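Readers should treat all values here as calculations from the given coordinates under stated rules, not as data from a laboratory. In this text, all values refer to a predicted model and were calculated from it rather than measured experimentally. Note that each Cβ is placed from the backbone with ideal geometry, even for glycine, and that neighbours are counted across all protein chains shown.
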Amino acid sequence: MNKTARFVTLGAMALTLLLSASATELLPAQAAGQSTAVQILAKLAVKGRAPKTGYARSLFSDGWGTISGCDTRNFILKRDLKSITWRSGENCMVATGTLLDPYTGRKIDFVRGVKTSLAVQIDHVVALSDAWQKGAQQISSNSRYALYNDPLNLLAVDGPTNESKGDGDAASWLPPNKAYRCAYVARQVAVKSKYRLWVTAAEKAAIQQVLVACPKQPLPSQ
C-alpha cells in the first residue's frame, strides 16, 4: 500500500482509535486532568535538539483526519468558535463563527472563503518540526498521525500570530496574550508527555518561568 493510500485508510478509521489505541507507545493518561503541569514537566526528559534531517510534514499526515464525521479542521473550529453557522448542504463545514483568540485576546469574525479563511488557523501547539527534533522520529507513523490530528495539540487561533510563531518552542515563542501563557505551556507539556517527546534545557526553563505564576495549572485533557 502506498503512503497516500495508507493515510486515507487511517483517516477513514475513527480517529479516536488512533488517539487511544496507539497509546501503547504513549504515556498512560495519568497526566491529563489529574496532575499539574509543574509535576509532569519535571518528568519530561531533557535533551538537546536532534537534527531536522529527514523532516517532512507528510511523515505525520498528508492532510486532516476525521473525528465524529468532521475533518479535524472543522472539528476544531466547531469546538473553539462561538455563534457558528454551517455551509448550506454540508454536514460539517463551518461557514462563519466568532473566535475569542487565545493568543491575542482579540475577537475575530471567521468567514469561510479564499481570501478570508486564513484569518483563523489551526495551530499545532507543539509544532510538528519541533516534535520531530524532540522524539517524534522515534515513534510510529500511527502515533505521528495521531499527534497531527489530536485535539489536545490543536487550537483555532489568529492566523498572522500563528504564522509568527512558526515552529518555535516555549524558549523562542509565547502567546502575546500573557493571560493565556499558563494554559498554553500546560498544553505543550501534556502533548509532550503523551507522545514521549522531550524538552531542551532552555525550553524547560522557559516553561518553568511561566508556571511560577500558576503552580497549580492543570493539564488539559483534550
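Some points to look at:
- The gain in end-to-end length when the Lys82 to Ala213 segment is fully stretched comes to 44.3 nm, 0.36 nm per residue minus the alpha carbon separation.
- For Glu203, Glu163, the sequence from fewest to most other C-beta atoms within 10 Å is Glu163, Glu203.
- Size of charge dipole - the chain - debye, nearest 20, with Cβ of Lys, Arg +1 and Asp, Glu -1, no other charges: 280 debye
- The label point for Ser221 and the one for Ala179, both projected 7 Å from the Cα toward the Cβ, are 2.6 nm apart.
- Compactness of the stretch 101-222, taken as the C-alpha radius of gyration over 2.2 N^0.38 Å, stands at 1.06.
- Near the amide H of Leu154, within less than 5 Å, lie the amide hydrogens of Val125, all on another chain or at least 5 residues away, with H placed in the peptide plane.
- Listing Lys82, Lys43, Lys165 from fewest to most neighbouring C-beta atoms within 10 Å gives Lys82, Lys43, Lys165.
- Links that overshoot a 24 Å alpha carbon limit, given the list Lys115/Lys194; Lys107/Lys165; Lys107/Lys216; Lys115/Lys178: Lys115/Lys194; Lys107/Lys216; Lys115/Lys178
- Order of Arg49, Arg144 under a 10 Å beta carbon neighbour criterion, fewest first: Arg49, Arg144
- Counting all C-alpha pairs of the chain, share separated by more than 24 Å (%): 43 percent
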